[in-house]
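The values are calculated or read from the model by the stated rules, or taken from the named source; none is laboratory data. This structure is a prediction, so every number in the text was calculated from the model and none was measured. Here the Cβ positions follow ideal geometry from the backbone for every residue, glycine too, while neighbour counts run over all protein chains shown.
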Amino acid sequence: MTPDLARPVRVAAIGAGAVTAYHHVPGLALDPRAKLVAVCDTDAALVDKRRQEWQLDRGYTDPLAACADSEVDAVIIATPNYTHRPITLAAIAGGKHVMCEKPLGLSAAEVREMYHVARDARLVHMTAFTYRFAPAMRYLKHLVSAGKLGEPRHFRSQRFLDWPETSWGWRQYRDKAGAGDLFDMTIHRLDFAIDLLGPLSAVCGAVARFAPRDVTADGSKCAPSEVDDWSALVGEFASGATGVWEGTTLAKGYGLSGYGHEWAEVNGSEASAVYQLHEPNRLLFGRTGQDLEPIDVPAEYLKPLGSPRDPRQGQPATVFRYDLAWEFISAIVEHRAAVPSFYDGLRAQVVADAVLQSHAERRWLPIADEPR
């Protein structure tokens, strides 16, 4: 479906929880080319609440009905992982452009199908890899691609969170989530490592589960967690560079106002640079003989060119997330591919799947880059 550019792109939000409310809806509200026209969630009370908050005429409890609505041009999917594939396929069948939260599916096989179907339908498809839009990450990519660090040698990522050890709900069961920290958090870092340094050629990984999570926040008993709360891997890039990733939700003392500890570093032959989530408008930078020191991200990297967002407004570690919706709408209006696309979601998923296999088989695994 190609929107009539005389009117805004009409968007349905499928999944009305916190991610949609805090990130996607504010992003759409900033863009005059977009209009949120419908909300969908299996929780009828939440649908009614969001319809009032967002002043919408239409609300659904059935995602397939939202995907079939002829008054909708595009959908944003922020639902449990196991629903991403069926909702995406229904949306594409209904001629809708799709932005979907990560992980796109429970396995690379699911994601590959989603990518191929969306690609062949010539519809815009986008993976909500949030941190690509962080100003410091955008500037880090410029430094790497412009050769400002010299030849990239090492990538290093840490994502440490201090979360309660109570139940994650659907997120802690393999048939609903696929995996835990690996699919929820580390997959973001896999994506921007590939974006910065190119495809991986081999990985060796491990996962672990420490918290049983067999009690809910209100003290009720529940089935224990089946997924990882710690994940790590070592990787080799096709370029010859190396990478190390570690993520956990059990790092006590790493609250950092709810943002947690995020560290993504590239060491090059000439210099090193570090991105941190809690300071997304600054980088750490250093050359041989110097200590790493903070530098401000230049103004042109604080937001994408054309974004209606004012980078001087709001909490820096939150507001850059609004640019996901801007990129999605821009791709639709400009008749181009969105970045990051389902293809990017697939590349990261292939590596995440390999981490699970590597751990199970106790060996290194080769990674074949996906054809477009």
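General observations
- Summed over segment 16-49, the residues that are hydrophobic (A, V, I, L, M, F, W, C) and part of a helix (DSSP H, G or I) give a count of 11.
- In segment 50-80, residue farthest from G178 (Cα to Cα) [restricted to those that are assigned to a strand (DSSP E or B) and under 23 Å from the mean Cα position of the chain (by Cα)]: A74
- Residue within segment 39-60 that is under 20 Å from M126 (Cβ atoms) and outside the structural domain of R189 (by TED's automatic domain parsing) present: yes
- Picking from residues in segment 127-170 that are more than 24 Å from W230 (Cβ to Cβ) and among the aliphatic types (A, V, I, L, M), the one that is surrounded by the fewest Cβ atoms within 10 Å (Cβ to Cβ) is A146.
- Residue that is surrounded by the most Cβ atoms within 10 Å (Cβ to Cβ), among those in segment 331-372 that are in contact (Cβ under 8 Å) with a residue 60 or more places away in the chain and among the polar types (S, T, N, Q): Q349
- The requirement of being more than 21 Å from P26 (Cα to Cα), of a type in the set (D, E) and surrounded by 14 or more Cβ atoms within 10 Å (Cβ to Cβ) is satisfied by E262.
- Considering the conditions (1) crowded, with 18+ Cβ neighbours inside 10 Å; (2) more than 22 Å from R153 (Cβ to Cβ), L256 is excluded by exactly one of them, (1).
- Of the candidates G314, G289, the single residue that is among the small types (G, A, S), surrounded by 11 or more Cβ atoms within 10 Å (Cβ to Cβ) and at positive phi is G314.
- Test: residue in segment 127-146 that is in a loop (DSSP other than H, G, I, E, B), free of Cβ contacts under 8 Å to residues at least 12 places away in the same chain and farther than 23 Å from A331 by Cα: yes
- Looking only at segment 348-372, residues that are assigned to a loop (DSSP other than H, G, I, E, B) and not charged (D, E, K, R) come to 4 in all.
- Those residues of segment 184-233 which are outside any loop (DSSP other than H, G, I, E, B), in contact with a Cys (Cβ under 9 Å, 6 or more places away or on another chain) and surrounded by 22 or more Cβ atoms within 10 Å (Cβ to Cβ), in sequence order: L233
- Matching residues in segment 235-246 - criterion: being crowded, with 17+ Cβ neighbours inside 10 Å and either assigned to a loop (DSSP other than H, G, I, E, B) or basic (K, R) (or both): A241
- From T20, T88, T42, T83, residue being within 26 Å of D175 (Cα to Cα) and more than 17 Å from the chain's Cα centre (by Cα): T42
- When Y22 is tested against (1) more than 28 Å from Y131 (Cβ to Cβ); (2) touching a residue at least 40 places away in the same chain (Cβ under 8 Å), exactly one condition is not met: (1).
- Lone unmet requirement of (1) among the small types (G, A, S); (2) over 17 Å from L283 (Cβ atoms); (3) over 22 Å from the mean Cα position of the chain (by Cα) for A146: (2)
- Odd one out for T61 among (1) surrounded by 17 or more Cβ atoms within 10 Å (Cβ to Cβ); (2) free of Cβ contacts under 8 Å to residues at least 60 places away in the same chain: (1)
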